[in-house]
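Heads up: the structure comes next, in structure tokens.
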Amino acid sequence: MDETELFYRLQADHSLATKHLEGRKQDKERLTIVICCNEDSSGKIPLWIIGKYAKPRCFKNVNMNSLDCQYRVNKKTWMTSVLFDKYVRSFDQMMYGRRVLLVVDNCPTHPRNIEGLRNIELFFFPPNMTSKIQTCNAGIIRAFKMHYRRRFYRKILEGYEVGQSNPGKINVLDAINLAIPSWTIDARKETIANFLRHCKIRSTSDVARNLDESTFDEETQDLETMINQCGYRNKMNIDNLMNYPGENEACSKVQSLEDIVGTIIENNAEDDGEDDTVSLESVTRKEALMASNTLHNFMIQYKNTTPELFDAIRKVRDEL
């Protein structure tokens, strides 16, 4: 288990990071993403996503139970000791009847004295252990971010295609809907297993495989193609984009008493968040049926359609 910050609107343009460009500047709105899986990724735990507001406007009309994630709140979007305690106890309940070792890094916001755990035991990496050895930091988080960026830039290109003026200004709900499939669909079992072999987490009976940048070749090429299509004046290279300065600073900061108390208050708050987005428009059943018919008609003509895709469309239609 590990967490990472995510600048969910980050544009791959150095110019935006250093100066105003056509009235714009680099957007560093962030979320914290908590990632957890077992050694072969067959047990990928739904993401925990920590945002700034309890009820941002974009959550209006949204059935939060339909999202395959847990959304939590902290004004600085940080992981705190309070949130870590909640995460561990939730994971303990999820692992009912099993014996599980939860491996976490040694971090000021990861308290050791969590009592009453029945199904899991915590194992903390020694202090100052390099991120190359720490399981998730060794590459699983990088893989997740690679997939997120690909989906983000694809969304930008699709936005331009349908005439949006600023498709990169996504809201928290948009970011969540990009993050979830980046983890549940795109993060492949083989990739995760290879990283864990590299870290020597998996059994020594497994044949270790060399882990190098070829793991990301296909994803990197796809991402670079999308960035080129966005037409940035001073585009970042992939390494700069995947290791953007400041994106992981808050995860290592010591929290104050004010931060701890604030987390408790924020998670019990009922007020709407004063964010800069608009609420999601309510969609009627009639509109959904019309949209499903349009999608069906498109997919029946689309050259890459598979029987599995048609089954998914039929299931959506049946649910309506």
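The values are calculated or read from the model by the stated rules, or taken from the named source; none is laboratory data. Computed from a predicted structure; not experimentally measured. All Cβ positions, glycine included, derive from the backbone under ideal geometry; neighbour counts span all protein chains shown.
Numbers for the structure displayed
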quantity: Scope region 281-310; condition hydrophobic (A, V, I, L, M, F, W, C) and in contact with a Leu (Cβ under 7 Å, 6 or more places away or on another chain); matching residues; calculated: ALA288, LEU289, MET299
quantity: Residue in region 119-136 that is at pLDDT 85 or above, under 22 Å from the mean Cα position of the chain (by Cα) and surrounded by 12 or more Cβ atoms within 10 Å (Cβ to Cβ) present; calculated: no
quantity: Residue in region 144-167 that is among the small types (Gly, Ala, Ser) and surrounded by 18 or more Cβ atoms within 10 Å (Cβ to Cβ) present; calculated: no
quantity: Residues (over 17 Å from VAL34 (Cα atoms), among the hydrophobic types (A, V, I, L, M, F, W, C) and either outside the structural domain of ILE35 (by TED's automatic domain parsing) or part of a loop (DSSP other than H, G, I, E, B) (or both)) located in region 105-124; calculated: ILE114, LEU117
quantity: Residue satisfying condition, being at pLDDT below 90, surrounded by fewer than 13 Cβ atoms within 10 Å (Cβ to Cβ) and closer than 17 Å to LEU10 by Cβ, within set ASP239, ASP212; calculated: ASP239
quantity: Scope region 53-89; condition at pLDDT 95 or above and either over 26 Å from PHE7 (Cβ atoms) or in a loop (DSSP other than H, G, I, E, B) (or both); matching residues; calculated: ASP85, VAL88, ARG89
quantity: Per-region count, region 222-233, residues in contact (Cβ under 8 Å) with a residue 40 or more places away in the chain and surrounded by 13 or more Cβ atoms within 10 Å (Cβ to Cβ); calculated: 7
